[in-house]
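Participant: Here it is: the structure, laid out below.
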Amino acid sequence: MRTRGVVLAAAAQAFADRGFPPVTVQDVAELAGMTKGAVYFHFANKEALAQAVANDFYAYLDSIATAVKAEALSPVSTVQQLLLRTARAFRDNVTIQAGARLQIERAYIGIDMPVPYVGYQSMVTAALREAVEAGEVPAGTDPEVLARVIVSAFFGAQHISGVLNDRQDITERVEEILATTLPMAPAPARD
């Protein structure tokens, strides 16, 4: 299990830094400090590595959502914290960075990959549905539409922030998204 984790960490770093197409199993082995054979013992090929990194990406996003839900915040605060904590993960976590890049490059991977954005959008929609019911957002707000707008803005912002500023300004961009899409909400608490 430890070796598998080292291999996955190396694959995440390689995919985050260079993207899927140019990375080889040899590159991953070198980053992991092991032989190609050790990598192949755990993963059949580069595509299997990408799929495992993508699965870890989604598991990490789910863990962020679980942690936020456990705090029993108001629905709007739940959305705010979910986005802000995810933004920090995009800035600081290599697996999240690799997963984001693999989402964009999924057409080059050649195997079934998890469908991006759907689960995250469902989480935001559920919280916004509760926000409408609690009167935290204006009556008549369509939670699905608002969730699509927020999630689209969020993932677009993380990409632009990554390209222009190595994601160092991602939390500020997310705060702008929240202030624009949920102007009736109090400013989010920062961790």
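Participant: Quick check: anything in the stretch 28-44 in contact (Cβ under 8 Å) with a residue 60 or more places away in the chain and out of contact with any Leu (no Cβ under 9 Å at 6 or more places or on another chain)?
Facilitator: Applying the first criterion (in contact (Cβ under 8 Å) with a residue 60 or more places away in the chain) to the stretch 28-44 yields none.
Within the stretch 28-44, not a single residue is in contact (Cβ under 8 Å) with a residue 60 or more places away in the chain and out of contact with any Leu (no Cβ under 9 Å at 6 or more places or on another chain).
Participant: Oh, and also: Taking the residues in the stretch 10-27 that are part of a loop (DSSP other than H, G, I, E, B) and touching a residue at least 40 places away in the same chain (Cβ under 8 Å) as candidates, determine which candidate is surrounded by the most Cβ atoms within 10 Å (Cβ to Cβ).
Facilitator: In this case the residue turns out to be 20.
Participant: On to the next question. Across the stretch 67-91, what is the total count of residues that are in a helix (DSSP H, G or I), out of contact with any helix residue (DSSP H, G or I) (no Cβ under 6 Å at 6 or more places or on another chain) and open to solvent by 40 Å² or more (accessible area, probe 1.4 Å)?
Facilitator: Number satisfying all stated conditions: 4.
Participant: Another question, then. Go through the stretch 116-137 residue by residue and tally those that are farther than 30 Å from residue 105 by Cα, in a loop (DSSP other than H, G, I, E, B) and open to solvent by 40 Å² or more (accessible area, probe 1.4 Å).
Facilitator: The total comes to 3.
Participant: Just to be sure I understand the filter: pairs with C-beta atoms under 7 Å, separated by 6 or more residues or on different chains, first member in the stretch 154-178 and assigned to a helix (DSSP H, G or I), second member acidic (Asp, Glu). Which pairs pass?
Facilitator: Between residues of the stretch 154-178 that are assigned to a helix (DSSP H, G or I) and residues that are acidic (Asp, Glu), the close pairs are 161/169.
Participant: So, residue 63, is that one part of a helix (DSSP H, G or I), in contact (Cβ under 8 Å) with a residue 24 or more places away in the chain and more than 22 Å from residue 168 (Cα to Cα) or not? Please lay out each step first, then the result.
Facilitator: Working: part of a helix (DSSP H, G or I): yes; in contact (Cβ under 8 Å) with a residue 24 or more places away in the chain: no; more than 22 Å from residue 168 (Cα to Cα): yes.
In short, no.
The values are calculated or read from the model by the stated rules, or taken from the named source; none is laboratory data. In this text, all values refer to a predicted model and were calculated from it rather than measured experimentally. As a convention, Cβ positions derive from the backbone with ideal geometry for all residues, glycine included, and neighbour counts pool all protein chains shown. Just so you know, the surface numbers come from the protein's heavy atoms only, side chains and all, with ligands and any DNA or RNA stripped out. Shrake-Rupley method; radii C 1.70, N 1.55, O 1.52, S 1.80 Å.
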